[in-house]
Amino acid sequence: MRRVVFNQKGGVGKSSITANLAAISAARGRDTLVVDLDAQGNASQYLLGDAWETAESDIAAFFNDALSIRLLPRDPLRYLTPTEFDGLHVLASSPELAELQAKLESKHKIFKLKELLLRLSEQFDAIYIDTPPAFNFYTLSALIAADSCLIPFDCDDFSRRALYTLMDNLEETRADHNPDLKLEGIVINQFLSRANLPQRLVDELRDEGLPVLDTLLSSSVKMRESHEQCLPLIHLAPRHKLTAEFEALYDELHR
């Protein structure tokens, strides 16, 4: 299963959701890979810590190879970096992604990521793809390469307005490039149960027939602590309420 976490709006929790679902997947015995396509590298830093800065290879190395050669190297594992968590690897981000984008677009390399991930699917049970906060070459590459898509939503009016454009882009990608792409659902993130606005927005999205998932992820300072310590919640605070919510989300996606 290749799952992309996608939203064109920043600050909605894409990297946190990607990394924590992947960490749960690995903790439950599945060989799991995180692909970080955001030049900011939040998912890479979260899962690798200081090892991100010393990684011998990354996503930029892959795209540079895609520009210079027709066939991918025989061993795609060369691009990956292992984490300290059993069964969890990262195809790490790079600041070089920004300058590579125009070159990749000009040479029509939009399907190269899919080629790579199809090969890596032979080695991994689950692949999670983190995307930049824009609908650009890398996001489109991820949507083409994925089987399914999760959309984080952080319960404000700006997010709701952006959601409709995002859904249009998703449908266009399905029609033009990847007819098998499935929208698994909208993940409500940073939910405040005692506030009226978040619950009203969730109810309205459901009333519109949008696929809002049952599990709601609470707002918690524990997530910031998790980022600071570079430890996914399943390892930092296995009994915390937010950890239980992430596990419930993982279970909901795998029913």
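The values are calculated or read from the model by the stated rules, or taken from the named source; none is laboratory data. Being a predicted model, the structure only gives us computed values, none of them experimental. FYI the Cβ positions are ideal-geometry reconstructions off the backbone, even for glycines, and counts take in every protein chain you see.
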Residue set ALA142, ALA134; condition assigned to a loop (DSSP other than H, G, I, E, B), of a type in the set (Gly, Ala, Ser) and within 20 Å of ARG3 (Cβ to Cβ); output residue ALA134
Regarding SER159, is this residue among the polar types (S, T, N, Q) and under 17 Å from the mean Cα position of the chain (by Cα)? no
Answer yes or no as to whether ILE151 is in contact (Cβ under 8 Å) with a residue 24 or more places away in the chain, within 29 Å of SER94 (Cα to Cα) and assigned to a helix (DSSP H, G or I). no
Go through the range 182-201 and give me each residue that's touching a Leu at 6+ places or on another chain (Cβ under 9 Å) and either under 16 Å from ASN7 (Cβ atoms) or of a type in the set (Phe, Trp, Tyr) (or both). LEU183, GLU184, GLY185, ILE186, VAL187, ILE188, ASN189, GLN190, PHE191
Within the range 54-69, track down each residue that is closer than 16 Å to GLU105 by Cα and of a type in the set (Ser, Thr, Tyr). SER68
Checking the condition touching a residue at least 12 places away in the same chain (Cβ under 8 Å), touching a helix residue (DSSP H, G or I) at 6+ places or on another chain (Cβ under 9 Å), under 30 Å from ASP157 (Cβ atoms) and surrounded by fewer than 24 Cβ atoms within 10 Å (Cβ to Cβ), which residue from ASN7, ASN42 passes? ASN42
Heads up, the helices (runs of 4 or more DSSP H) in the range 154-255 (entirely inside) with at least 2 residues that are without any contact (Cβ under 8 Å) to a residue 40 or more places away in the chain are 157-176, 196-207, 221-229, 241-253
If you go through the range 208-219, how many residues are under 25 Å from SER44 (Cα atoms), surrounded by fewer than 19 Cβ atoms within 10 Å (Cβ to Cβ) and modelled with pLDDT of 95 or more? 1
Would you confirm, using the coordinates I've provided, whether THR139 is at pLDDT 95 or above, of a type outside the set (A, V, I, L, M, F, W, C) and in contact with a Phe, Trp or Tyr (Cβ under 9 Å, 6 or more places away or on another chain)? yes
Filtered residues of the range 20-54 (kept if farther than 20 Å from ALA98 by Cβ, modelled with pLDDT under 95 and of a type in the set (Asp, Glu)): ASP50
Can you run down the residue pairs with Cβ atoms below 6 Å, 6 or more apart or on separate chains, where the first is in the range 132-147 and free of Cβ contacts under 8 Å to residues at least 40 places away in the same chain and the partner is assigned to a loop (DSSP other than H, G, I, E, B) and not aromatic (Phe, Trp, Tyr)? ILE144/HIS177; ILE144/ASN178
Considering only the range 34-108, give the helices (runs of 4 or more DSSP H) lying wholly within it that have at least 3 residues that are within 17 Å of the chain's Cα centre (by Cα). 42-48
